[in-house]
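Each remark here refers to the structure printed beneath this line.
The values are calculated or read from the model by the stated rules, or taken from the named source; none is laboratory data. All values derive from a computational prediction rather than experimental measurement. All Cβ positions, glycine included, derive from the backbone under ideal geometry; neighbour counts span all protein chains shown. The area values use the complete protein model at the heavy-atom level, side chains included, leaving out ligands, DNA and RNA. Shrake-Rupley method; radii C 1.70, N 1.55, O 1.52, S 1.80 Å.
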Amino acid sequence: MTDQSEGVHENRIEPGISVVIPLYNKASYVRRTVLGVLGQAYDRFEVIVVDDGSTDDSACQIADLDDARLRILRQPNAGPGAARNLGIAHARHEWVAFVDADDAWYPDHLAELARAIASFPAAGMASTAYIKRPESPDLPARPAGQGTISRTSLFEACRHRNVVCASTMAVRRAVFEQVGGFKAFWPGEDTDMWVRAGLRVPLAFSSRVTAIYTMETGGISQTLTPRRRSTAAAVEAGETPVLAFLADRLEEPDHHALHGAIRNYIDARLFSIARNALFDGDRMKARRTLGDMSRRSGTRYLLHVVLAHLPAVVFDPVRAAWRRRRRTTRG
């Protein structure tokens, strides 16, 4: 069930927010990201950058920033999950928000999170909407309008597509005590956390776009090896364990009220994996993944089934045109 609100309750105290930024080899981006956080219109926050054993001069890019709200921690390379956990351990505020070192926030991001939290104070997670963009020094235009705030579940919010990411989410610190910290595997450790938390607490979600997810820059948001994995392989490696975990939860009566939303969430993720497999030319994986979905209907589903079963002589030109169109759209 989803409840909606058009604004904050003015008599509620503004929540304090600790912003955690995991940093690994993002020398070209981290200063912009940190300055974007320090420049937020909201004022009840601190910033914790965790340098996860960077081998470039990432930390040097922000070492001269003289701001009492900023702290820089360092650890040997252990991955983004461990870096976020260290930041959480040092957080001073009730809420912890996250942003990757190559992503960006509009100046009202923290204010919008605070608005969502104040609108639904019983929520244990809060998020805004985001848009993807290629690497760029400037914030792109975004959809106009204030946006609507809803109290919902993570699975209901993401039933059609993934509307949250690691750079939009904020979680109440007490929730980490319930579900544990980020796990060590990568990629997908962030999705795993949101899913485990989503089984326990509701989400306050604002449809206003306040964050930018930067595509294909390397470091934390890409691979741990010099050779970049294909889109389908990266998505499957990160999401398959999470989907298996969720499928097991369907057998538990404690989550009966969420069963429908969880099934829709699993199907949406499987559809994304199948779509990326088609984009990478792996029709067999696409057919297998589409077959794993529990709801096998709808125009988009049937179109992808047809594409997955086309003979190579027909499919290859279609795929080539699809890839050209995506490059044109992104560029």
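For the stretch 153-202, state what percent of all Cα-Cα pairs lands in each successive 10 Å bin, counting from 0 Å until the bin that includes the largest distance.
Per 10 Å bin, starting at 0, the Cα pair percentages come out as 24, 60, 16.
Keeping all protein chains in place and using 1.4 angstrom, which order do Trp194, Trp186 fall into by accessible surface area, from largest down?
Numbers: Trp194 10, Trp186 50 Å².
Highest to lowest solvent-accessible surface, that is Trp186, Trp194.
At 0.36 nm per residue, minus the direct Cα-Cα distance, what do Leu35 and Glu177 gain on full extension? Give it in nm, one decimal, please. Before the final figure, lay out the partial values.
Working: separation 142, 0.36 × 142 = 51.12 nm, distance 3.02 nm.
My answer for the length gained is 48.1 nm.
Sequence neighbours fewer than 8 away in the same chain don't count; with that in mind, list the aspartates and glutamates whose C-alpha is under 16 Å from Lys132.
Asp100, Asp102, Asp103, Glu216
If I stretch the segment between Val318 and Glu94 completely, what's the gain in nm (0.36 nm per residue apart, minus their alpha carbon distance), one decimal? Spell out each step's value before the answer.
Working: separation 224, 0.36 × 224 = 80.64 nm, distance 5.05 nm.
Gain on stretching Val318 to Glu94: 75.6 nm.
Report, to the nearest 10°, how far helix 231-249 tilts away from the longest principal axis of the Cα atoms in the chain, using its own Cα long axis and a range of 0 to 90°.
Taking the Cα atoms of the chain, the angle to 231-249 is about 80 degrees.
Just from its helices, what would the mean residue ellipticity at 222 nm be for the chain, if runs of 4 or more DSSP H residues each count -39500 (n - 2.57) and the sum is divided by every residue, rounded to the nearest 500 deg cm²/dmol? Present the calculation step by step, with values, prior to reporting the outcome.
Numbers: 11 runs with 131 residues, N = 331.
Computed ellipticity for the chain at 222 nm equals -12500 deg cm²/dmol.
Can you work out the accessible area per residue across the stretch 84-190, with the rest of the protein chains kept in place, probe 1.4 Å, in square angstrom? Present the calculation step by step, with values, prior to reporting the outcome.
On the way: 3980 Å² over 107 residues.
Ligands and nucleic acids excluded, the result is 37 Å² per residue.
In µm²/s, what is D for the stretch 32-149 at 37 °C and 0.692 mPa s, where D = kT/(6 pi eta Rh) by Stokes-Einstein and Rh is the Kirkwood radius from Cα pairs?
Details: Rh = 15.8 Å.
Rounded to a whole number, D works out at 207 µm²/s.
With Rg and the Kirkwood Rh both taken from Cα atoms, where does Rg over Rh land for the chain?
Details: Rg = 20.0 Å, Rh = 20.7 Å.
We get a ratio of 0.96 for the chain.
State the extension gain, in nm to one decimal, for the chain segment bounded by Ala184 and Val163, taking 0.36 nm per residue of separation less the distance between their alpha-carbons. Walk me through the intermediate numbers first.
Details: separation 21, 0.36 × 21 = 7.56 nm, distance 2.37 nm.
Result: 5.2 nm gained on full extension.
What does the accessible area of Val201 come to, in Å² to the nearest 10, when a probe of 1.4 Å is used?
20
With a 1.4 Å probe and all protein chains kept in place, how do Arg115, Arg31 rank by accessible area, largest first? All intermediate terms of the calculation are to be shown ahead of the outcome.
Details: Arg115 25, Arg31 80 Å².
Ranking Arg115, Arg31 by accessible area, largest first, yields Arg31, Arg115.
Might you report the magnitude of the Cβ-based charge dipole of the chain about its Cα centre, with Lys and Arg at +1 and Asp and Glu at -1, to the nearest 20 debye?
Details: 44 positive and 38 negative charges, 290 e Å.
Rounded to the nearest 20 debye, it is 1400 debye.
With r defined as the distance between the Cβ atoms of Glu135 and Ser297 and R0 fixed at 45 Å, what FRET efficiency is calculated, to the nearest 0.05? Provide the component values of the computation, followed by the final result.
On the way: r = 38 Å, r/R0 = 0.85.
So the FRET efficiency works out to roughly 0.75.
More than 17 Å apart: what percent of Cα pairs in the stretch 259-300 qualify? Please list the in-between numbers first.
Details: 232 of 861 pairs.
In whole percent, the share of Cα-Cα pairs in the stretch 259-300 beyond 17 Å is 27.
Taking all protein chains as present, what is the carbon and sulfur share of the accessible area of the stretch 71-204, in % to the nearest whole number, probe 1.4 Å? Walk me through the numbers before you get to the answer.
Details: 2550 of 4900 Å².
Using a 1.4 Å probe with all protein chains present, the stretch 71-204 comes out at 52 percent carbon and sulfur.
Specify the angular offset, from 0 to 90 degrees and rounded to the nearest 10, of the alpha carbon long axis of helix 259-279 from the longest principal axis of the alpha carbons in the chain.
Rounded to the nearest ten degrees, it is 70.
Between Arg142 and Leu310, what is the label-point separation in nm under the 7 Å Cα-to-beta-carbon projection?
3.6
Compute the Cα gyration tensor for the stretch 32-75, then decide on rounded, prolate or oblate, letting a ≥ b ≥ c be the square roots of its eigenvalues: rounded whenever a/c is under 1.5, prolate when a/b is larger than b/c in the other cases, and oblate in all that remain.
Values: a/c = 2.31, a/b = 1.89, b/c = 1.22.
Cα axes put the stretch 32-75 in the prolate bin.
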